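Visitor: Right, I'll just put the structure down here and ask away after.
Taken together, the values in this text are just the output of simple stated rules run on the coordinates, not laboratory data. For clarity, every value in this text was computed on a predicted model and none was experimentally measured. So basically every Cβ, Gly included, is an ideal-geometry build from the backbone, and we count neighbours across all protein chains shown.
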Amino acid sequence: MSNTARRVCYLWGYAILFFVSCTMTSQKESPAWGSGNIVLKILTIKTKQGVAVDDKYFYAISNTIIIKCDKETGKVIATWQADRKEKAYEHFMHLNSGTVVEGRLYCAHSRYSVDPNYCTVEIWNVEKEGLEHEETIRMPRKHGSLTWIDRDSDNSWWMCYAVYGKKRNKNTKLVKYQYRDKKFIEVESCFFPEEVVANWGDMSCSGGSWGPNGYLYTTGHDHSRAYVLEVDKNNKLSYVRTETDVGFFGQGIAWDRFSNKPVLWGIDKNKDISLTLIPEKKTEP
């Protein structure tokens, strides 16, 4: 790693990237059940906003920096930083969470709080050991601040647009897209359940990732909880349960779709945290 990259890494506050091993649960289970989670493992790397993961690497995402690391050792493989003096990158301000799909890292980005409705999807080629920015896709200025992006098992794309403030964050919206010809085409949208919004405080939904059981796992800004949701028969977000003591504190999360077991990654940018096993849920009597 170059001296420049080392200096870049040094500037950012420590967070813990971790992953959560989770046994698969049936969608027929009762939604209200406790957690009983177990600490597993931590990896120390400097990041602020979220994490993405593929088969060999994880990606520590900060406002204008991405650090690519080996999944097993945590060794830094590559570092990318937006040079805001260049026209192509002058808009970079607030990268959030990301997801890796078919050799590309897709990151949610906004210019919150300077221009909250200025949102883009930023795309990097991450094949092999590379980390090369390829494209910026501007999103319509109508929903809010883009905080996370993910693709589900039927190849539909989902993006969350946050609205902040205790009286306004109920307007945070989840939007479904189809991705064709390098364009995201809006299909439908929905709001978050009251049970989840009530826990955001003044903030909003900071992270989200589709789990192996077909549920959507979401996070707030700084609580050690994951809110588990599903899209019901009326195409609305329905509350399933809350996973507590999950080992991360809000921000961007990512299910590891390449591991032998269902594994969830997340960050804590404030203090050392633990890797958490989420045991199989039992059906309530």
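Visitor: Along segment 73-85, what does the Karplus equation 6.51 cos²θ - 1.76 cosθ + 1.60 (θ = phi - 60°) give for ³J(HN,Hα), rounded to whole Hz, x for Gly and Pro?
Guide: 9, x, 4, 6, 9, 7, 10, 10, 10, 5, 8, 6, 7
Visitor: Whole angstrom only: what separates the Cα centroid of segment 168-197 from the Cα centroid of segment 69-128?
Guide: Segment 168-197 and segment 69-128 have Cα centres spaced 21 Å from each other.
Visitor: Using θ = phi - 60° and the Karplus form 6.51 cos²θ - 1.76 cosθ + 1.60, what ³J(HN,Hα) does each residue of segment 105-112 get, whole Hz, x for Gly and Pro?
Guide: 9, 9, 10, 7, 9, 9, 9, 4
Visitor: Hey, rough spin-label estimate for K166 and K233, points 7 angstrom out along Cα→Cβ, what's it come to in nanometres?
Guide: Result for the modelled spin labels: 3.8 nm.
Visitor: Okay, next question. Using amide H atoms built in the peptide plane, which far-off residues or other-chain residues are under 5 Å from T172 H to H?
Guide: V163
Visitor: Under 10 °C and 1.306 mPa s, how fast does segment 72-229 diffuse according to Stokes-Einstein, given a Kirkwood radius computed over C-alpha pairs? Answer in µm²/s, whole number.
Guide: This corresponds to a translational diffusion coefficient of 97 µm²/s.
Visitor: Given 0.36 nm per residue, what is the gain on full extension from E129 to T73 after removing their alpha carbon distance, in nm?
Guide: This chain segment gains 18.7 nm when fully extended.
Visitor: Shifting gears a bit: Sort V51, V175 by Cβ crowding within 10 Å, fewest neighbours at the top. Write down the numbers at each step before the final one.
Guide: On the way: V51 28, V175 21.
Neighbour counts put them in this order, fewest first: V175, V51.
Visitor: Mind listing the long-range amide H neighbours of C119? Cut-off is under 5 Å, sequence gap 5 or more, other chains count too, H placed in the peptide plane at 1.01 Å from N.
Guide: Those qualifying (amide H under 5 Å, at least 5 residues apart or on another chain) are M139.
Visitor: Could you pull out every residue, at least 5 positions away or on a different chain, whose amide H is within less than 5 Å of the one on G252? Hs are placed 1.01 Å off N in the peptide plane, and Pro or chain starts have none.
Guide: When sequence neighbours closer than 5 places are left aside, the close amide H contacts are G50, V51.
Visitor: Using only alpha carbon positions, build the gyration tensor of segment 44-129, then give the equivalent ellipsoid semi-axes as the square roots of 5 times its eigenvalues, largest first, whole angstrom.
Guide: After diagonalising the Cα gyration tensor, the semi-axes are 23, 13, 12 Å.
Visitor: Can you put L237, L95 in order of Cβ neighbours within 10 angstrom, beginning with the fewest?
Guide: Details: L237 18, L95 23.
Arranged by neighbour count, lowest to highest, L237, L95 become L237, L95.
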